[in-house]
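Here the structure comes first, spelled out in structure tokens, and everything after it is commentary.
None of the figures in this text is laboratory data; all of them are computed from the coordinates on show. Model, not experiment: these values are computed from the prediction. Cβ: placed from backbone, ideal geometry, glycine included. Neighbour counts: every protein chain shown.
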Amino acid sequence: MQEVMKNKAKELLASGEVRAVIGWKKGEFCYDITPAVFTNAEEIDNGFIYDDFCGANLSKYLIKEAHKDGKVLVFLKPCDTYSFNQLLSEHRINREKVYVVGVSCDGKVDIEKIKRTVGDGIIALSSDGDKISVETLYDKYEINRADALAERCVNCKSKKHVAYDELLGDEGEVLDSKRFDEVEMIENMTADERFEFWRNELSRCIRCNACRNVCPACSCEKCIFDNDNSGYVNKAPVTSFEENMFHIIRAFHVAGRCTDCGECSRVCPQGIPLHLLNRKFIKDINTLYGDYQAGEDPEARGPLTSYTEKDPEPSVVTDKE
Amino acid sequence: MQVNEFKPKIVAFCCNWCSYAGADLAGTNRLNYPADVKIIRVPCSCRVNPLFVLRAFQRGADGVIICGCHPGDCHYTTGNYYARRRMTLLFSMLDYLGIEKERTRVEWVSAAEGAKFAATMNDFVATVTKLGENKRLEDLRCKK
């Protein structure tokens, strides 16, 4: 797959059809793959990578890249294409300046899960079908790939690309995922348990803003969290209120626009399950206002920018047992 | 002996066209409702940003109520429909985070419903008084 993608990128660069290629390259460690912009064949030969750790959603980088002259080639996994569509519907990307190559995805691996088994000091990783061989400074391990899949990939919502100019690999289906099970589990707790649960999770927040920076839906030029005079937030969370506040606002600002790509949870250095907040909104929207998947149809009107006269009253929430 | 009875602080966002006039009517009709309710007049219930609700709690409110025109009667035709969706989702999220859902409420009060305004406020204040102080969504920096 990686070679096919490399060739495609080089071919389009050589023909002059695209100015740049957005893909992934190796970071500091072998499992630390970061997004990168390539502008010539040499860079692609040396750096381009597509493997189990290419979890990063590249659609957000198009906002900046597609504003420059010339066309950009971008590789998008199925879940990334939803974000792409959502950005199109918000007029953040000029569709004509992007050449989307859809790439198939069989789930990405969460390095934290591997580290939990093998510990630190990973020097080499290779995946072969169902197994991942890990070499650390101290020992060699073999792990089932299924056990190391990222949470969002275990509960993958769709293997289908909703937008592309060209497809490499096979097209998949929209899946019947169990992604709301955990939300339901939390809903079934008592209010005190829920409060404890979230205090435990959110109190770890260090306000690094990684979740905001990576989110394709959080693409405002001016963000409330950058305004020190807003009175809402400080640089670091000083009270429990601020932790709650930050996460409620972050989740609310993307409510109805979040495609559930799961990037927020992936990048959180503290391992806070932020996707559970987003999924709560998605679940509520689905049950109260009808099923809606952000990014599925770029022409669709978002649930928070539309209404029906028969919408349930807020008392369905405040009066429920 | 002095008894320190808990008096909740209630913030009521009232839309200019219906609920604020409803509150006015409650006053001219000499209907009682607790002085703990602090009314903030907004042009429309959909002017209430979810942040306003959180900010009210941050600054020490124990309960927040949003009042607007009845659905279909909005002065701006559709404002309260949007507010309705927004607030439903916000309240549901607060409940999800374990914050008492009884502290928040949306009520539609028309300009002719002075009695309903007073009754709503009496009821809401009673509910919040029972809950006690807002501990789960308080900002210690804002405490005196």
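When all alpha carbon pairs of the protein assembly as shown are counted in 10 Å bins from zero, the resulting P(r) reads 4, 18, 26, 23, 15, 9, 4, 1, 0, 0 %.
What is the sum of charges around residue B:129, taking Lys and Arg as +1, Asp and Glu as -1, for the other residues whose C-beta is under 12 Å from the C-beta of residue B:129?
The answer is -2.
For the residues A:13, B:54, A:168, what sequence is obtained by ranking on other C-beta atoms within 10 Å, fewest first?
On the way: A:13 20, B:54 23, A:168 16.
Neighbour counts put them in this order, fewest first: A:168, A:13, B:54.
Entry for chain B at q = 0.09, 0.12, 0.15, 0.20 Å⁻¹: log10 I(q)/I(0) = -0.26, -0.47, -0.72, -1.21, Debye formula applied to identical alpha-carbon scatterers, no solvent contribution. Look at the alpha carbon pairs under 8 Å that are at least 6 residues apart: their mean separation over the length of chain A gives a relative contact order of 15 percent.
Sum up the charges of everything whose Cβ sits under 13 Å from the Cβ of residue B:22, counting Lys and Arg as +1 and Asp and Glu as -1, but leave residue B:22 out. Can you show the working numbers first?
Values: positive: B:41, B:116; negative: B:24, B:73, B:107, B:113.
Once all neighbours under 13 Å are counted, the net charge is -2.
Legend: mean number of C-beta atoms from other chains within 10 angstrom of residue C-beta atoms, peptide A:240-251, equals 5.
Of the trypsin sites (Lys or Arg not before Pro) found in segment A:269-315, those that fall in a DSSP loop while having at most 16 other beta-carbon atoms within 10 Å are A:301, A:310.
Listing A:52, A:106 from the residue with the fewest other Cβ atoms within 10 Å to the one with the most, what is the order?
Working: A:52 24, A:106 15.
By the 10 Å Cβ count, ascending: A:106, A:52.
Considering segment A:178-321, its Cα convex hull presents a mean projected area of 9.8 nm².
For residue A:129, what charge total do you get from the other residues with a beta carbon under 12 Å from its beta carbon, if Lys and Arg give +1 and Asp and Glu give -1?
Details: positive: A:131, A:145; negative: A:52, A:106, A:128, A:130, A:142.
Local net charge: -3.
Counting Cβ atoms of other protein chains within 10 Å of each residue's Cβ and taking the mean over peptide A:286-297 gives 1.
Where does each of A:287-295, A:241-249 land if you order them by average Cβ count within 10 Å, highest first? Before the final figure, lay out each step's value.
On the way: A:287-295: 17.0, A:241-249: 21.7.
The most tightly packed comes first, giving A:241-249, A:287-295.
To the nearest ten degrees, helix A:2-14 and the longest principal axis of the Cα atoms of chain A are 80 degrees apart. Using r as the Cβ-Cβ distance of residue B:131 and residue A:213, and R0 as 30 Å, what FRET efficiency do you calculate, to the nearest 0.05? The pair residue B:131/residue A:213 has a calculated efficiency of 0.20. Loop-only trypsin sites (Lys or Arg not before Pro) in segment B:1-85, please: DSSP not H, G, I, E or B, and at most 14 other Cβ atoms within 10 Å. Taking segment B:1-85 and a limit of 14 other Cβ atoms within 10 Å, the loop trypsin sites (Lys or Arg not before Pro) found are B:30, B:59.
Axis of helix A:78-89 versus longest Cα principal axis of chain A: the two differ by about 70°, to the nearest ten degrees. About its Cα centre, the dipole of segment A:1-156 is roughly 620 debye, where the only charges are +1 on Lys and Arg Cβ and -1 on Asp and Glu Cβ. Shielding of peptide A:302-314 by partners, expressed as the average count of other chain Cβ atoms within 10 Å per residue Cβ, is 5.
Using the count of nearby Cβ atoms within 10 Å as a rough guide to exposure, how do A:221, A:313 rank from fewest to most? Write down the numbers at each step before the final one.
Working: A:221 6, A:313 15.
With the sparsest Cβ surroundings first, the list reads A:221, A:313.
Mind listing the phi-derived Karplus ³J(HN,Hα) values for segment B:105-110, rounded to whole Hz, using 6.51, -1.76 and 1.60 with θ = phi - 60°, and x for any glycine or proline? Each residue's phi maps through the Karplus curve to give 7, 10, 9, 9, 10, 8 Hz.
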